[in-house]
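For reference, the structure discussed in these notes is given below.
The values are calculated or read from the model by the stated rules, or taken from the named source; none is laboratory data. Just so we're clear, the structure is a prediction, and the values are computed from it rather than from any experiment. Cβ placement follows ideal geometry from the backbone for every residue including glycine, while neighbour counts extend to all protein chains displayed. Note: areas computed on protein heavy atoms with side chains; ligands, DNA, RNA excluded. Shrake-Rupley method; radii C 1.70, N 1.55, O 1.52, S 1.80 Å.
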Amino acid sequence: YHNLDKPMISVLLKAELEGIKVDQPQLESLSKYFEKKINELEKEIFKESLQEFNIGSPKQLGDILFKTLGLSDGKRNKSGGFQTSADILERLSVNGHAIATLVLEWRKLSKLKSTYADSLRSHVNPNTGRIHTSYNLAGTSTGRLSSSDPNLQNIPIRDEEGRKIREAFVSKQGSVLLSLDYNQIELRILAHMADVKELKDAFQKNIDIHSSTASQIFGVSLEEVDSSLRRKAKAINFGIIYGISAFGLANNLKISRSEAKKFIDNYFEKFPEIKLYMERTVAFAKEFGFVRTLFNRKIHIKDINAKGPLGSFSERAAINAPIQGTASDIIKR
């Protein structure tokens, strides 16, 4: 509290008062651009469904997909309607059903329009012409900063449309916006906390960490690691930090569950220290109900002894919390 959190108060106060400038005309033209794309998508969706309906209503969408069009894989929720979550639509899309692909795109653009292009404009302070978000110092259990009203921390970056929203954040005359990031901070912390010799060596020699992991778990030399092997190793590296299952990894890499399980087994064979760290951390959490960061921040894991999915989720949280919490402590420091 005294050495990390309290000194942050004045830093965050300055940042909140300073705010960030947005190019309002650009947001307005983006809103119109999204609206046009959404209208075009609606026409295509109605062509596929052979009738008009409210795309935003999960019930109506479920009835169209699984009753009217008779697509297979329909799962019902507790209230008896069909489920239409993103993973169900993605599965239908992979199986070649155009309507699912179109609805996913429609949802993405609708969110970008309402949550960002429209909503951000309403948050501009008329006196300063800037957006003043609130930074929450104690909003997360791991000590990570969060931002609310509006949340400026999860503006999409993966696709072109999301990047267009980011371009609307601009600097004032004579200033620049600076983007800084720690290089692989969570993997470095894991290498330290679990005392993984190979990972530490790779970081000290400045070797690309994902290529180094690929070389270890796929048993090839560094020179033989191609982009596909590196991508797989990257998914495993990050997945391991968040306690990913074979099912989760299989989904991420679009491979079979047995193949994903083999990758994870290989990983733990090459880095037994990580497996040990995970077991040790979960055992500690089960006994005491919390875990600690390197700076001794306590993170309480309340459902760690629960049975079923809640228990597994809490175990994954316990494994990740000391790593993510230490990263946030370092950044605050």
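Tabulated results
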{"item": "Charge dipole (the chain, unit charges on Cβ, about Cα centre) - positive-most of His2, Gly74, Ala235", "result": "His2"}
{"item": "Accessible-area ranking of Tyr33, Tyr116, largest first, probe 1.4 Å", "result": "Tyr33, Tyr116"}
{"item": "Contour excess over end-to-end distance, with Cα ends at His132 and Phe268 and 0.36 nm allotted per residue", "result": "44.5 nm"}
{"item": "Interchain or long-range residues, amide H under 5 Å from Val22's placed H", "result": "Ile131, Val170"}
{"item": "Residue-normalised accessible area of region 259-333, given per residue in Å² at a 1.4 Å probe", "result": "55"}
{"item": "Rel. contact order, % - alpha carbon contacts under 8 angstrom, at least six apart, region 193-289", "result": "28"}
{"item": "Whole-number percent relative contact order across the chain, with pairs defined as alpha carbons under 8 Å at least 6 apart", "result": "16"}
{"item": "Normalised contact order of region 264-333, rounded percent, pairs of Cα under 8 Å and 6 or more residues apart", "result": "27"}
{"item": "Region 1-92 - convex hull of alpha carbons, volume per residue in Å³", "result": "190"}
{"item": "Relative frequency of Cα-Cα separations exceeding 19 Å in region 59-189, percent", "result": "67"}
{"item": "For region 193-330, fraction of C-alpha pairs farther apart than 20 Å, in %", "result": "50"}
{"item": "Translational D in µm²/s for the chain (Stokes-Einstein at 10 °C, 1.306 mPa s, Kirkwood Rh from C-alpha pairs)", "result": "68"}
{"item": "Residues of region 60-173: accessible area per residue with a 1.4 Å probe, Å²", "result": "55"}
{"item": "Per-selection Kirkwood Rh - region 152-210 (Cα, Å, 1 d.p.)", "result": "14.6"}
{"item": "Percent carbon-and-sulfur accessible area, the chain, ignoring ligands, DNA and RNA, probe 1.4 Å", "result": "51"}
